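A.B. asks: My structure is below; once you've seen it, I'll send some questions.
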Protein chains: 2
Amino acid sequence: MDFRNLDRCVHYRMLKNASIPKLQDVLTPESVKNSNIPIAAGLTFNYAARGVNNDIIDLLGKLAEEQELLPKYRALVSGEVMNTGEQRKVLHHLLRGQLAGDVIEKGKNLRNFYLEQQERIADFANQVHQGNILGSTGKPFETIVQIGIGGSDLGPRALYIGLANLLRPKIRAEFISNVDPDDPNSVLQRLDPEKTLFILVSKSGTTQETLTNENYALRWLETAGKRRNVNIRPAQHMVVVTGTPGPLADNPAYLDSFYIDDYIGGRYSVTSAVGGVVLSLAFGPGVFAELLDGAAETDRGALENQEIRGNAPLMDAMIGIWERNICNHPATAVLPYSQALLRFPAHLQQLDMESNGKQVNRSGQSINYMTGPIIFGEPGTNGQHSFYQMLHQGTTPVPLQFIGFSLPQMAGNVEFQGSNSQKKLNANLCAQVAAFALGKEDSNPNKNFPGDRPSSLIYGKQLTPRILGALLAHFENKVMFQGFAWNINSFDQEGVQLGKLLTNNILKGQAGPLLDEYMKLLGS
Amino acid sequence: MDFRNLDRCVHYRMLKNASIPKLQDVLTPESVKNSNIPIAAGLTFNYAARGVNNDIIDLLGKLAEEQELLPKYRALVSGEVMNTGEQRKVLHHLLRGQLAGDVIEKGKNLRNFYLEQQERIADFANQVHQGNILGSTGKPFETIVQIGIGGSDLGPRALYIGLANLLRPKIRAEFISNVDPDDPNSVLQRLDPEKTLFILVSKSGTTQETLTNENYALRWLETAGKRRNVNIRPAQHMVVVTGTPGPLADNPAYLDSFYIDDYIGGRYSVTSAVGGVVLSLAFGPGVFAELLDGAAETDRGALENQEIRGNAPLMDAMIGIWERNICNHPATAVLPYSQALLRFPAHLQQLDMESNGKQVNRSGQSINYMTGPIIFGEPGTNGQHSFYQMLHQGTTPVPLQFIGFSLPQMAGNVEFQGSNSQKKLNANLCAQVAAFALGKEDSNPNKNFPGDRPSSLIYGKQLTPRILGALLAHFENKVMFQGFAWNINSFDQEGVQLGKLLTNNILKGQAGPLLDEYMKLLGS
């Protein structure tokens, strides 16, 4: 395979010379009909308002071929070392399906390892649901609390919220992430220690925030036991999800342990035990399996559809390259018209910005073109009453990714003033797509809308586990394809190291005069 | 007063020609000590790592004088029509203090009107707390639910969450904003209708989402009454906050009504009845009064400190102009190291982007320089494990606004591995400031940190009501000053109108073929 920087690609230079079409000239009722690509499970990607015409799509398709995006994806799922910085395989796809030959390491078939963990999780969740596993004072668990940060928090939390309205949880989940002591305090004050099960999630087993909060949780359980004069055994209220081998692995003091390996990056780990334990306990292992199926179907489509017009993550990725490197847009907003996707933009913010916020190529050499954009977003229609003003009439255009569904998740979609709430929601969504794309001329410049703001729409019938899995995998694959196009390593995160180092220097009292001054401001 | 576009200012052109200093050359232990400006109530703004040297600050100060930022602020608080697009005064400062002469309209002293509303709110809250006002079946209210969107939601919600850990709420608050029916459904399913009090908040009295959710709430109360066979009178479980005169005003069916006027913009309304009712019911009127005091002290400092080095909102605003118009940064990240400020960035996102995301000047003429940036953010340390990779090593530098406190809000700041959680939190904060500013050279480009990423730090002892009021007003005034510098109207939002128009066209069946196609994708 040929790994070359984007600016060495023939078709990139051709794109650089292409003229940028006006959205008004591209977007028509016909193009809306003809710009749909199935993702999986009924979820569909529509790019009619994304601002590219057929010639540009052809060039983007050829650029994707020139950069060998599909062969690189195939190499990745085949177990090649695509995480060059850390010299690791990248195997999150293998958590939900096998797209190429067996991936064997030290005689171990890794697909089997992942399946074995899924079975162990399912069995554990079933035992808890059936009341065979109880708290150490004999009471059933009524709340699970995930302790984790970054990928051990954002993805699992986004998916839990994404399904909690649709599927009344069997066990309610809470999340603790921040080392700010107010975070564990405010969550735990509402809970009954005897009925609480913690899920401690740290791949490395050394995450400062997570270990601090583990300690906090164990003390909370211990203190409650003393105060109530009952025998709470703290470690028996905690299961662990961690990398093996690792400092948290194989500790029989915990109630149980579930494993991942080095080939599952934190921000790609929600379909591993990192998300699997909490989602299986909350909704049942069957729901987690459906989510994996939706992701697997998306993964397969992204590998097997050679033509860009049939491959949604590939199309989304390449239009993103167009927006970032040709149109020079610095950001992308993610706008789900679904309250259940409240925290999905925060997950994508990590997924995308931590993967592709890089300035060296996969060989560690500096590059001289833009890589991953700023990602932000809030649910619609809320955002309309907040930052959309700037999106419509500000001086920095921001491409948009809308997400919408035909049906709400819950009953109670009542009629009012001639339409139900879901229809109002979707009328707002569609109106925004058109308003951003087409704008409106007005002789008063203050009421003038320049339009030409590109957007895509991902849509489906209802946000189910399968659809949510498809949505997740769509963005994972989009980010991966963009990383290949930019020739960067989307799977390491060296940018988080310096802060950790300096933090430890401060805590060891070796901060130096500058940091000492800052710590003084904060009263230390 | 002289209203001129930024690019007509002498000192702007001088700034354009200034060389951009390296942060490494500006930031020293001495500069950290010497770059503090009190905001109010003990809250302080430190700009040592913001990337400006003394020469640039001098020029920024002169530009602020040339653009008459303080005289314009004085004109605003004196009741001049500064919202030129809508031909309205801008009086949110008058909600919390009087900084200039009386503002009289049609013989009415508007300060007295605002004080009268505050007193009525305090009285109402006290009556509810004392059990003199009960639900229509005779039970005390145990939950309040604010129904509002945009400014009627984001600010009140951010401040409620900002104080809920510090002050155990007397009455718990919930919020419904989205027209997505899953939003009211998921909130209301947890509540007891007989013990629920709604606060319906719509300044115009015509907000589609809010009226739809009002209808939803009234039906929920009515249905519960029938099912329980008790006489719930729905409108007696609802108070209204709205503009007077207006379609929701003076309706005796509601339990009570509280008023604002046209001079309080939605995103500036949290210190009016829009935030006052919910915060006074949740925490007591005294807490709301402290919050107003913190804001008032900030407002006064921003008006009376003529020198930029003594005026925190002015300095913050002018450095923002430097970053946006000279350094060409498209975004600013808000990073509170306080879990209680979880939703504060979302409030600032509206405040800033809706105020200053404009491309015409205050007279409605097109301008040809950048205005308001993209605003986004999440609490630290969470963000460190998410999007900070891109901030450290991405290709688009993003200026940062850190916020931190010496003390947590709750008890339970335990020691672990030689330090308590708050110390770990603040060590992380300080380490990030230094890592972003100074970077780290490494022969491996993948481990190289370019540094030169500017940030400021707003810090105080503890997040109290007074400090929270000061923090809020700091950003309100910063945004106002920037609007003056750009010569734009920060107080209208014409950019939200087109979407509303097209939504109504769809709901009236007058969408046209393009929108019809989009609605078909969503099953309508």
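A.B. asks: Suppose R0 equals 51 Å; then what is the FRET efficiency for residue A:4 and residue B:501 from their Cβ-Cβ distance, rounded to the nearest 0.05?
C.D. replies: 0.60
A.B. asks: Projecting each Cα onto the charge dipole of chain B (Lys/Arg +1, Asp/Glu -1 at the beta carbon, about the Cα centre), which of B:166, B:253, B:32 comes out farthest on the positive side?
C.D. replies: Farthest towards the positive end: B:166.
A.B. asks: Counting only DSSP beta bridges with both residues in the protein assembly as shown, tell me the antiparallel percent, nearest 5.
C.D. replies: Antiparallel bridges make up about 30 percent of those DSSP assigns within the protein assembly as shown.
A.B. asks: For chain A, with all protein chains present and a 1.4 Å probe, just round the carbon and sulfur fraction of the accessible area to a whole percent.
C.D. replies: 46
A.B. asks: Here's a follow-up. Chymotrypsin sites (Phe, Trp or Tyr not before Pro) within the range B:1-85: which are DSSP loop residues with at most 14 other Cβ atoms inside 10 Å?
C.D. replies: Filter output for the range B:1-85: B:3.
A.B. asks: Once you order the gyration tensor axes a ≥ b ≥ c over the Cα atoms, which shape class does the range B:117-288 get: rounded for a/c under 1.5, otherwise prolate or oblate by comparing a/b with b/c?
C.D. replies: rounded
A.B. asks: Still on this structure: Taking the Cα-to-Cβ direction at residue B:20 and at residue B:34 and moving 7 Å from each Cα, how far apart do the two end points lie in nm?
C.D. replies: Here the answer is 2.5 nm between the modelled labels.
A.B. asks: Among B:325, B:353, B:179, which residue has its Cα positioned farthest towards the positive end of the charge dipole of the protein assembly as shown, with +1 placed on the Cβ of Lys and Arg, -1 on the Cβ of Asp and Glu, and the dipole taken about the Cα centre?
C.D. replies: In the protein assembly as shown, that residue is B:179.
A.B. asks: Name the residues whose placed amide hydrogens come within less than 5 Å of the amide hydrogen of residue A:198, ignoring near sequence neighbours (fewer than 5 apart) on the same chain.
C.D. replies: Those lying under 5 Å, H to H, from residue A:198 are A:145, A:238, A:239.
A.B. asks: Whole number in Å², please: accessible area per residue of chain A, 1.4 Å probe, ligands, DNA and RNA not counted.
C.D. replies: Counting only protein heavy atoms, the per-residue value for chain A is 32 Å².
A.B. asks: For chain A, what does the helix formula give at 222 nm: sum of -39500 (n - 2.57) over DSSP H segments with n ≥ 4, over the residue count, nearest 500 deg cm²/dmol?
C.D. replies: Taken over chain A, the calculation gives -13000 deg cm²/dmol.
A.B. asks: Exactly which trypsin sites (Lys or Arg not before Pro) in the range A:124-219 are in a DSSP loop and have at most 13 other Cβ atoms within 10 Å?
C.D. replies: Those satisfying the criteria are A:190.
A.B. asks: Determine the shape class of the protein assembly as shown: with a ≥ b ≥ c the square roots of the Cα gyration tensor eigenvalues, call it rounded for a/c under 1.5, and otherwise prolate if a/b is greater than b/c, oblate otherwise.
C.D. replies: The shape class here is rounded.
A.B. asks: I've got another one for you. Which ³J(HN,Hα) values in Hz, rounded to whole numbers, follow from the phi angles of the range B:418-428 under the Karplus curve 6.51 cos²θ - 1.76 cosθ + 1.60, where θ = phi - 60° and Gly and Pro get x?
C.D. replies: x, 8, 8, 4, 5, 5, 4, 4, 6, 5, 4
A.B. asks: With +1 on each Lys and Arg Cβ and -1 on each Asp and Glu Cβ, and nothing else charged, work out how big the dipole of chain B is about its Cα centre, in Debye to the nearest 20.
C.D. replies: Result for chain B is approximately 620 debye, rounded to the nearest 20.
A.B. asks: On to the next question. With +1 on each Lys and Arg Cβ and -1 on each Asp and Glu Cβ, how big is the dipole of the protein assembly as shown about its Cα centre, in debye rounded to the nearest 20?
C.D. replies: Dipole about the Cα centre, nearest 20: 940 debye.
A.B. asks: By the scheme Lys and Arg +1, Asp and Glu -1, what is the net charge of all other residues having a beta-carbon under 9 Å from that of residue A:448?
C.D. replies: -1
A.B. asks: Sticking with this one: Assuming a ≥ b ≥ c are the square roots of the Cα gyration tensor eigenvalues, decide whether the range A:341-474 counts as rounded (a/c under 1.5), prolate (otherwise, with a/b larger than b/c) or oblate.
C.D. replies: Taking the square roots of the gyration eigenvalues as a ≥ b ≥ c, the range A:341-474 is oblate.
A.B. asks: Tally Lys/Arg at +1 and Asp/Glu at -1 over every other residue whose Cβ is under 11 Å from the Cβ of residue B:12; what's the total?
C.D. replies: +3
A.B. asks: Counting only residues 5 or more places away or on other chains, whose amide H sits under 5 Å from the amide H of residue A:50 once H atoms are built in the peptide plane?
C.D. replies: Answer set, sorted by chain and number: A:455.
A.B. asks: Residue A:83's amide H: which non-local residues (gap 5+, or another chain) put their own amide H closer than 5 Å, with H modeled 1.01 Å from N in plane and none for Pro or chain starts?
C.D. replies: Under 5 Å from the amide H of residue A:83 lie the amide H atoms of A:88, A:90, each far enough along the sequence or on another chain.
A.B. asks: Next up: Residue separation times 0.36 nm, minus the C-alpha to C-alpha distance between residue B:127 and residue B:249: what's the value?
C.D. replies: 41.8 nm
A.B. asks: Rounded to the nearest 0.05, what FRET efficiency do residue B:172 and residue B:106 give with R0 = 30 Å and r taken as the Cβ-Cβ distance? Could you check?
C.D. replies: Calculated transfer efficiency: 0.15.
A.B. asks: Could you tell me which trypsin sites (Lys or Arg not before Pro) in the range A:66-109 are loop residues by DSSP with no more than 10 other beta carbons within 10 angstrom of their beta carbon?
C.D. replies: Within the range A:66-109, the qualifying trypsin sites (Lys or Arg not before Pro) (loop, at most 10 other Cβ atoms within 10 Å) are A:106.
A.B. asks: Output ³J(HN,Hα) for the range A:132-142: one whole-Hz value per residue in order, computed from phi by the Karplus curve 6.51 cos²θ - 1.76 cosθ + 1.60 with θ = phi - 60°, and x for Gly and Pro.
C.D. replies: 7, 10, 10, x, 5, 9, x, 9, x, 6, 10
A.B. asks: Now for a separate question. Of A:22/A:424; B:62/B:89; A:139/B:170; A:33/B:520; B:423/B:478; A:508/B:424, which pairs sit farther than 20 Å apart, going by alpha carbon to alpha carbon?
C.D. replies: Cα-Cα > 20 Å for A:22/A:424; B:62/B:89; A:139/B:170; B:423/B:478; rest within.
A.B. asks: Also, quick follow-up: With θ set to phi - 60°, apply the Karplus curve 6.51 cos²θ - 1.76 cosθ + 1.60 along the range B:481-496 and write out the HN-Hα couplings as whole Hz, x wherever there is a Gly or Pro.
C.D. replies: Per residue, the Karplus-derived 3J(HN,Hα) values read 4, 5, x, 4, 4, 7, 6, 10, 8, 7, 10, 10, 7, 5, x, 8 Hz.
A.B. asks: Another question, then. Excluding residue A:194 itself, calculate the net charge of residues whose Cβ lies under 10 Å from the Cβ of residue A:194, where each Lys or Arg counts +1 and each Asp or Glu counts -1.
C.D. replies: +1
A.B. asks: Taking the Cα centre of the range B:97-196 as origin and charging only Cβ (+1 Lys, Arg; -1 Asp, Glu), how large is the dipole, in debye to the nearest 20?
C.D. replies: Approximately 300 debye in magnitude.
A.B. asks: Where in the range A:510-524 is the amide nitrogen less than 14 Å from a point lying 7 Å along the Cα-to-Cβ axis of residue B:420?
C.D. replies: A:523-524
The values are calculated or read from the model by the stated rules, or taken from the named source; none is laboratory data. Quick caveat: nothing in here was measured; it's all calculated off a predicted structure. No Cβ is skipped: glycine too gets one built from the backbone with ideal geometry, and neighbour counts run over all protein chains shown. Calculation scope for accessible area: heavy atoms of the full protein, side chains included, ligands and nucleic acids excluded. Shrake-Rupley method; radii C 1.70, N 1.55, O 1.52, S 1.80 Å.
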